[in-house]
């Protein structure tokens, strides 16, 4: 794991970011109810935000004082291209989920990421994605009736149509 | 002897027997998949079993509950992704074992120990339910507050290499738990004007993000490495090793039962507290904690299954839910025309014994299904990562959405996944974040209730703590654990030549 | 087999063509209906909806998939349903809370944006006390509180919740100085009552009834004009203290709603289905056991019920100083 006497690539930036975030949260916590009373809704948020500011401050201080770097390189060890690409895929998924709907987005996501990670094999990727998606759909949508965003595929109507076909008029 | 007859009803009726088995089997898988929760499964079963009699419906629900609490450990051990909140502690020593190719052994021991824990929980339910529920009722707001503080001190044993980073992560978790509309005053906290944030950030979304997505992203680093080949020759642990862990499992099961029986706390807190307890009392583990100590598996797995029996105690004696699942079961009993409450034990004692019997049966099925399906499960880890990682990501997204049917939860889950990835990369542990989220409301609400009850006076709150025996014991435990984690105490102990307890992490503060 | 495929493709083609706003009422329901429950699984609203809906489904000839969407005292679910198309495929299954959103500063979407399908039932509030409390009647309680100001702890469920409204009601006619300890629901508050963390709790009868019957807590007064059949021995506040009679009957309620603009024939179908569901034996038994009063109101009577409830409660809250905005701003008339 990490040698705690040395800092990794990007560590100062991350810890600095956490410190700034903590400060913002402390201000937001103060805005809830100020120093009104010990039982006010803002009491605990302020206390924990303060703890975040102090601890992240200490962590940052330690980073800055300790200027020795270990041999890590940001793009190789912390955020390699595979991670960046998958993060982008996931972000794309989140953006497309509502307008496009669950089924097409998931299929696209699964197929693209398997193709990317395996560096090819379109037929394999499509088959695996379809089977996996079908399983997820059956478990979540049909058994657990989780209503994922339908988007462009009118799955509720299709399900009802299938139901009518097999069960007669339900 | 009538009681025994009712107790055995689900054992002797082939249909009920089958339903308990089916429920337990389904529960193991529901529990293992992050995002499918027992709470969800049971509430769907209410609709599904609406037209049934109450007994078969209960059999199915009890089975799912028992199996589900256990099933969470599967993915925790195999993938380092806890399938349920109560398996968070299990991952800490279970996954290192899987990395050594000992997943089969780890699952074996956690299955047998879950069975032992479940059995103890059921025994307490059967023999001492009224006493335990009366005890649970004596907890005042200040006692719940002290309990929460006790939980927060676990940060010490969860933070790994750096205590300061652990404190930061824990505080962050506590803060995440307060986001949204304050349940006590309807004041908005950290909502920054977004109505989507009124409902707060779902704890399950944070958990799936921090453990599921961030773990999947981290595993991309060695996507080409072939998976560790799992040896599954020895699954059933030897009798000697079970006997070795029996004293520990008795202690951790007691923690499980009590925490389970307290309204508002459940198996997740119980498992983490039990893990901490194991670390404290195990003087010389064969392998250090965090690297695959069996004790670190035994403790949370006994505690969370013992908490199942515990959760039924206030439900069956008083009609008060012991956790989220029993709350739904109370609703189910109402729908089936029963009135859960203090009169249930008196008017319908058969219900109490029937549920106890079904639980005991489910516990046995859990052992059977737990020990037989392992080969199939370990195949999952041996799947190529190029397929496994996208699948985990997809399941995480669907699971986060399913909790509250909210797309916002998906965004949060992804955001925490990325944050968790970076935190991991820079030596932060994620356990304290989840601990903070779990304990946030318990601490916040009960602190405020305690201080309001004493009309805002800290002095009288303190006086109340010192005059109540229960509060005094809890306070003493808080002080003891706190002091034992401070450097001065450790130095003194080392000088005195005593073995340092919890010597797994270096001197606190070393990271700063 | 071939036939099925042909049938399937035609069905597929037809249904795809039909999506959008073309949900014709004769076909309603052509697909699953979503029922969004404002409160969590296992709670009162959840239990009521899950009992009545299967019977309504039979009449409708379709499936209603019920989902709990909690948070923001029901505001999250209310906003969600408001954001859907008014086609009758998304039902809001809620309690009384949205009627107070405006005065509590929780946005301006309340039931005026929705059409009531059925106001199913109304709960009756009851004052319960810890068994060790040194009073047994409302008069004794008032005397004790006045002799020991701020010493008696009342359980509460946050501003705008049932407990705060009943406490405001009591305070409007009697000088009562109590400490209100907030809980996130009447279940946890009643648990605390049994352990002595609070002394008195204004709760809905259904939540307290089993505890009273089992002797875990004692009933002080029923906040209604007449005693309930479920607990005939508990005196009604409207009878012992007639100064409160004007406010009563008052209580939380459960209802099924659709967004305004839903086609009239769809509303009519749903109304008929839920009216039938409210007549089912399961529902009647559940309501009787839990001490709820069945209302089963729809159409204009339901609108009147909602308007009256909103006006009484908003002004009570305003006069007690709990409101964030005056009901006047929203044109809610004083009762």
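Derivation of every value follows stated rules applied to the coordinates shown; laboratory data play no part. Values in this document were obtained by computation on a predicted structure and should not be read as measured data. Here Cβ is always computed from backbone atoms with ideal geometry, including for glycine, and neighbour counts include all displayed protein chains.
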Once Rh is set to the Kirkwood radius over Cα pairs, what Stokes-Einstein translational diffusion coefficient, in µm²/s, holds for the range B:80-123 at a temperature of 37 °C and a viscosity of 0.692 mPa s? 295 µm²/s
Based on alpha-carbon atoms only, what is the radius of gyration of chain A relative to the globular estimate 2.2 N^0.38 Å? 1.59
Above 35 angstrom, tally the Cα pairs of chain B and express them as a % of all pairs, no decimals. 31 percent
Take every DSSP beta bridge with both residues inside the protein assembly as shown and express the antiparallel ones as a percent of the total, to the nearest 5. 60 percent
Mean other chain Cβ within 10 Å across A:71-81 is 2
Note: the range A:81-167, point scatterers on Cα, Debye, no solvent; log10 I/I(0) at q = 0.13, 0.14, 0.23, 0.25 Å⁻¹ equals -0.49, -0.56, -1.18, -1.27
Binned Cα-Cα distances of the range C:155-221, short to long, each 10 Å bin given as a whole percent: 22, 56, 22, 0
In percent, what relative contact order does the range B:1-108 have, based on Cα pairs under 8 Å that are 6 or more apart in sequence? 26 percent
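What percent does the relative contact order of the range B:2-495 come to when contacts are Cα pairs within less than 8 Å and at least six residues apart?
With pairs under 8 Å counted, the relative contact order is 28 percent.
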Taking 8 Å as the Cα distance limit and 6 or more residues as the minimum spacing, I'd like the relative contact order of chain C as a percentage. 24 percent
Give the share of C-alpha pairs in each 10 angstrom bin for the protein assembly as shown, from 0 to the last occupied bin, in whole percents, shortest bins first. 2, 11, 20, 25, 22, 13, 5, 1, 0
For a quick protection proxy, order the peptides B:140-148, C:129-137 by their average other-Cβ count within 10 Å, most packed first. B:140-148, C:129-137
Long-range alpha-carbon pairs in the range B:5-143, meaning those over 25 Å apart, account in percent for 40 percent
What does chain C give for Rg and for Dmax, in Å, if only its C-alpha atoms count? 22.0, 85
From other protein chains only, count the Cβ atoms within 10 Å of every residue's Cβ in B:332-343, then give the mean. 6
Could you give me D for the range C:125-247, from Stokes-Einstein at 20 °C and 1.002 mPa s, where the hydrodynamic radius is the Kirkwood radius over C-alpha pairs? Units µm² s⁻¹, please. 152 µm²/s
Working from the pairwise distances between different alpha carbons, so that the mean of 1/r is found and then inverted, what is the range C:85-195's Kirkwood radius in Å? 16.5 Å
Could the peptides A:146-154, B:360-368, B:249-257, A:81-89 be put in order, highest first, of the mean number of other beta-carbon atoms found within 10 Å of their residues? B:249-257, B:360-368, A:146-154, A:81-89
In what sequence, highest mean first, do B:118-126, B:466-474 appear when ranked by Cβ atoms within 10 angstrom? B:118-126, B:466-474
Computed curve, the range A:11-77, Cα-only Debye sum without solvent term, log₁₀ I(q)/I(0) at 0.14, 0.16, 0.20 Å⁻¹, is -0.52, -0.61, -0.78
For the range B:192-258, compute Rg over Rh where Rg is the Cα radius of gyration and Rh is the Kirkwood radius from the inverse mean 1/r over Cα pairs. 1.21
The range C:232-319 - Rg and Dmax from Cα coordinates, angstrom: 16.3, 48
If you bin every alpha carbon distance in the range B:258-342 into 10 Å steps from zero, what whole percent lands in each bin? 19, 37, 22, 14, 6, 1
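What fraction of the Cα pairs in the range B:92-163, stated in percent, has a spacing above 13 angstrom?
78 percent
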Based solely on C-alpha atoms, express the radius of gyration and the Dmax of the range B:278-397 in angstrom. 20.1, 58
Rounded to a whole number, the mean other protein chain Cβ count within 10 angstrom for residues of B:391-400 is 6
